[in-house]
Amino acid sequence: MRGTTRPSHHRPRAALVALALSLLALLLSACSVGEESAAAGSEDGKDVLRVGYLHTVAVDSHLWYGQEKGIFEKYDLKIKPTKFDTGIAESQALAGGSIDVAGLGAVLSNFPAQGGGKVIGVNDIEYDTAQLWVNPKSGIKSVRDLEGKQVLTTIGTTAHVFLHTALVKNGVDPKSVTVTNTEMPAVAAAFASGKADAAVVWVPFDETVKKELPQAKMIDSAKNYYPESAILGGWAANNGYYADKQNKDVLKRFLQAWLEINDALVKDQKSVLASVHEAAYADSQDAADTQRQFSFAKVQSNEDWAEQFKDGTVEKWIGQTEKVFVDVGGIDEYVEPSEFVDTSLFLEAYDEWKKSQ
């Protein structure tokens with residue numbers, strides 16, 4: 001972990017800019033590749049869709065339930081899942097064309113805005129997945145006490161967006177806080193070892209904090225800024241894949257499958273998550289942990305999502321998170337969400353799903 005936790009007021013902006021530049025270079029070099037590999041073909045008479053995911057309950061539950069229950073196959077889809085550790089790495093893979101669709105958290109409002117994919121759907125609201133933890137010995141009792149302090153987190157993620165929002169909402173100049181970039185699995189350990197007085201993590205790393213530093217206190221979390229600062233998780237498609245008209249039907253069927261999955265999840269969350277646990281989490285945690293982790297996200301009915309796609313709420317929420325990325329230097333300038341969010345595809349899928357009910 002050497003070299004990852006050295007304090008610097010400039011590191012978050014520099015690191016985000018470097019990520020943006022590397023993605024731009026990747027986009028330019030991979031553009032023709034993305035166009036040439038616009039479709040992954042078919043298998044057993046079903047269209048193959050290469051889907052990237054983050055292995056956290058809030059992000060991949062829909063995916064695993066659909067796989068476990070054969071719902072994607074019902075819509076003539078063969079899903080080829082690929083795991084990523086961060087949304088940043090997943091976005092780079094999406095831009096490079098090695099996956100067709102990516103399930104993303106906060107970066108849904110970042111890389112697509114820079115030309116790194118087209119947003120085609122939602123997944124959930126990261127209602128309370130990000131948390132601010134402090135060492136009681138630091139004397140930090142509120143967000144206002146962070147001025148002049150060092151905070152560990154992973155920049156360019158849901159945790160970073162929450163931290164920036166909390167600082168601004170509480171009247172703290174973000175420039176007065178040293179945000180130190182550390183990969184999330186290492187944040188808790190670094191925090192416990194005294195590298196900083198505060199850390200912002202996302203669930204399930206709150207459990208790691210409790211284990212590594214039992215006396216740590218959580219003093220703020222994302223739910224305190226909802227809905228003004230709602231962070232959407234959702235689905236983005238590779239530009240080349242999306243541009244191929246033949247693939248629009250594939251993507252629409254993917255969304256129809258998602259709608260069927262989401263409907264089941266909303267109506268019987270406990271049962272669906274039990275299936276998700278057996279399919280993807282049984283080897284790493286207890287069933288109660290899977291249920292607990294999902295409780296920090298917020299799901300909505302298909303009808304509610306459709307209405308929010310129609311009235312502009314989805315674009316509004318994506319835009320407000322994008323503005324945070326602009327503020328912290330991850331995006332050079334604000335891009336209207338309408339330029340990288342396709343609301344019509346989701347609504348078409350919804351209309352067809354609704355007719356089938």
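Taken together, the values in this text are just the output of simple stated rules run on the coordinates, not laboratory data. Model, not experiment: these values are computed from the prediction. Here Cβ is always computed from backbone atoms with ideal geometry, including for glycine, and neighbour counts include all displayed protein chains.
May I ask which residue of Ala159, Gly45, Gln67 lies farthest towards the positive end of the charge dipole of the chain, with charges of +1 (Lys, Arg) and -1 (Asp, Glu) on Cβ and the Cα centre as origin?
In the chain, that residue is Ala159.
Lys310 to Glu278: FRET efficiency via 1/(1 + (r/R0)^6), r the Cβ-Cβ distance, R0 30 Å, to the nearest 0.05?
0.25
Using Cα positions and a limit of under 19 Å, work out the aspartates and glutamates in reach of Lys141, with same-chain residues fewer than 8 apart set aside.
Within the straight-line cut-off, Lys141 pairs with Asp173, Asp197, Asp206, Asp220.
DSSP loop GluC sites (Glu not before Pro) in the range 193-285 with at most 15 other Cβ atoms within 10 Å of their Cβ, which ones?
Taking the range 193-285 and a limit of 15 other Cβ atoms within 10 Å, the loop GluC sites (Glu not before Pro) found are Glu228.
Nothing charged except the Cβ atoms of Lys and Arg (+1) and of Asp and Glu (-1): what's the magnitude of the dipole of the range 128-225 about its Cα centre? Round to the nearest 20 debye.
Rounded to the nearest 20 debye, it is 200 debye.
Decide, for the range 84-190, between rounded, prolate and oblate: order the square roots of the alpha carbon gyration tensor eigenvalues as a ≥ b ≥ c, take rounded if a/c falls under 1.5, and otherwise choose prolate if a/b is larger than b/c, else oblate. Walk me through the intermediate numbers first.
Working: a/c = 2.48, a/b = 2.05, b/c = 1.21.
Taking the square roots of the gyration eigenvalues as a ≥ b ≥ c, the range 84-190 is prolate.
Helix 343-355: angle to the longest alpha-carbon principal axis of the chain, degrees 0 to 90, nearest 10?
Helix 343-355 and the main axis of the chain meet at about 60 degrees.
Treat every Asp and Glu Cβ in the chain as -1 and every Lys and Arg Cβ as +1, leave all other atoms uncharged, and give the resulting dipole magnitude about the Cα centre to the nearest 20 debye. List each step's numbers first, then the result.
Working: 36 positive and 49 negative charges, 243 e Å.
For the chain, the charge dipole is close to 1160 debye.
When we measure straight from the Cα of Lys310, which lysines land under 26 angstrom away, once same-chain ones fewer than 8 places off are left out?
Of all the lysines, those that pass the test against Lys310 - Cα under 26 Å, at least 8 places apart if same chain - are Lys118, Lys223, Lys245, Lys248, Lys252, Lys267, Lys298, Lys323, Lys354, Lys355.
Taking square-rooted eigenvalues a ≥ b ≥ c of the alpha carbon gyration tensor, is the range 128-225 rounded, prolate or oblate, where a/c under 1.5 means rounded and, failing that, a/b exceeding b/c means prolate? Working shown, then result.
Details: a/c = 1.41, a/b = 1.24, b/c = 1.14.
It comes out rounded by the Cα gyration axes.
Tell me the angle of helix 87-96 to the major Cα principal axis of the chain, expressed in degrees between 0 and 90 and rounded to the nearest ten.
40
Helix 245-267: angle to the longest alpha-carbon principal axis of the chain, degrees 0 to 90, nearest 10?
With both axes taken from Cα atoms, the answer is about 60 degrees.
Where the centroid of each part is defined by its Cα atoms, how far is the range 270-319 from the range 162-194 in Å?
26
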